[in-house]
Amino acid sequence: MRHLLLALLVLAPLPALAIPNPAVPGPEGRWFAVQLHAHSRYSDGIHPIADLVKWAREGGLDAIAVTDHNTNAHLADPVFQADQGVTVIPAYEWTELEGPNGKHLNLDGPERCHMSVWGIKPATPILSGLLKRDAMLALAAGQDVVIGANHPFEPRFPWPDENFTGVNTVEVWQWQYGLDEAAGAPLPANIHAPHHAPVEFLYRNTRAQALWTRQLKAGHRLTPVAVCDFHVGAGVQAVVSPCTLVWAKSRSVPDLLNGLKAGHVTLVEEPHGPRVELWGPHDAMPGDEVPKGAKLQLRVTGAQGQAVTVFDADGVASTIEVPMDPYVQEVPAVKAGFYYARLDRKRAYNPILSMTGAIFVK
């Protein structure tokens with residue numbers, strides 16, 4: 001399945017010339033391909049963790065987070081003690097439940113949401129059950145973990161409001177959301193439907209991106225992530241798609257989580273697929289801050305003939321067809337706020353190939 005964030009492209013020239021065959025310097029480190037949301041038999045997945053790691057390695061991932069629901073039992077799995085060329089990030093998915101054992105779910109209850117908690121240890125408390133979101137976040141603040149808001153427009157487990165205090169990331173590109181974005185005209189990006197409305201089942205990647213940009217405008221520097229939410233595999237899901245590229249010094253858990261928390265990300269459909277990056281002067285990257293007037297550099301690989309769009313705090317700044325591979329374009333940061341870029345296939349449904357995090361402009 002492919003995914004949709006926005007379907008309408010406004011073609012306009014970017015303000016500088018392309019540079020063929022670019023040299024691509026960067027800070028210490030590199031991009032690591034990470035799957036941040038996957039489930040095994042320890043909760044509601046159908047595969048052992050060893051299979052997830054095998055498919056991750058074969059598909060080009062550098063790391064995978066096992067986010068089984070409301071448990072740390074999976075941390076005893078032998079895969080966490082063996083290095084098979086893929087880092088296994090210890091994590092769990094927090095779920096607000098009606099009862100402590102999760103057997104009776106109240107689908108109409110308030111504040112029903114899920115969060116990924118990355119970097120847990122065997123002693124990390126599993127703060128699930130009757131605990132509400134804000135109380136959980138308050139307790140998690142002292143646990144040295146990274147918190148992500150999951151599938152914010154999932155009708156059964158929606159993010160209840162636009163309060164992301166204590167949260168580090170938000171899923172803006174989710175595999176399952178592509179299932180309901182494959183046909184029809186796009187909804188307006190600023191749509192605000194109640195969580196229980198039928199429209200909630202449609203265009204959720206589009207709406208998640210709009211939610212993220214509203215948070216940026218409000219001054220909350222959330223890191224965007226792309227995830228599979230892997231459960232079933234067997235030709236239905238691929239554990240690699242989509243995934244998040246994290247810039248880090250190594251694929252160790254601390255380095256990857258530090259890069260994630262800092263917002264040093266770009267999102268891709270597949271680890272070695274087409275990619276868009278956005279860099280600033282002095283090796284600034286998404287998550288970093290640059291002065292107004294700085295020259296940003298857009299870098300696109302593997303996407304000749306596709307469309308790349310640059311966004312600022314006011315919306316679409318410009319869109320252009322990628323003329324060559326690789327492609328580099330200078331983008332002046334003329335406005336305060338933020339800039340990010342998205343790479344799309346030139347079609348009206350499920351176009352997204354890659355998307356950057358935001359560079360902040362002061």
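The values are calculated or read from the model by the stated rules, or taken from the named source; none is laboratory data. Since this is a predicted model, take the numbers as computed values, not measurements. Because the Cβ atoms are built from the backbone with ideal geometry, glycine has one as well, and the counts that use them run over all protein chains shown.
Tabulated data
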| quantity | calculated |
| --- | --- |
| Subset of region 319-350 [in contact (Cβ under 8 Å) with a residue 12 or more places away in the chain, assigned to a loop (DSSP other than H, G, I, E, B), surrounded by fewer than 22 Cβ atoms within 10 Å (Cβ to Cβ) and on the phi < 0 side of the Ramachandran plot] | Pro323, Met324, Asp325, Pro326, Val334, Lys335, Ala336, Arg345, Lys346, Ala348, Tyr349 |
| Residue check, Gly99 within 23 Å of Lys249 (Cβ to Cβ), in contact with a strand residue (DSSP E or B) (Cβ under 8 Å, 6 or more places away or on another chain) and at pLDDT below 90 | no |
| Complete set of residues in region 235-267 that are among the charged types (D, E, K, R) and either under 13 Å from the mean Cα position of the chain (by Cα) or assigned to a helix (DSSP H, G or I) (or both) | Asp255, Lys261 |
| Test: residue in region 174-181 that is modelled with pLDDT of 85 or more, surrounded by 14 or more Cβ atoms within 10 Å (Cβ to Cβ) and under 25 Å from Leu52 (Cβ atoms) | yes |
| Cβ-Cβ under 7 Å pairs, at least 6 apart or on other chains, region 285-310 side without any contact (Cβ under 8 Å) to a residue 60 or more places away in the chain and in a loop (DSSP other than H, G, I, E, B), far side surrounded by 20 or more Cβ atoms within 10 Å (Cβ to Cβ) and of a type in the set (Lys, Arg) | Gly302/Arg275 |
| Residue within region 46-59 that is assigned to a loop (DSSP other than H, G, I, E, B) and buried (at least 24 other Cβ atoms within 10 Å of the Cβ) present | no |
| Pick from region 190-218, criterion at pLDDT 50 or above and of a type in the set (D, E, K, R), ranking: surrounded by the fewest Cβ atoms within 10 Å (Cβ to Cβ) | Lys217 |
| Identity of the residue in region 1-53, farther than 23 Å from Leu296 by Cα and among the acidic types (Asp, Glu), that ends up modelled with the lowest pLDDT | Asp44 |
| Residue list for region 121-156, filter: surrounded by fewer than 19 Cβ atoms within 10 Å (Cβ to Cβ) and assigned to a helix (DSSP H, G or I) | Asp134, Ala135, Ala138, Leu139 |
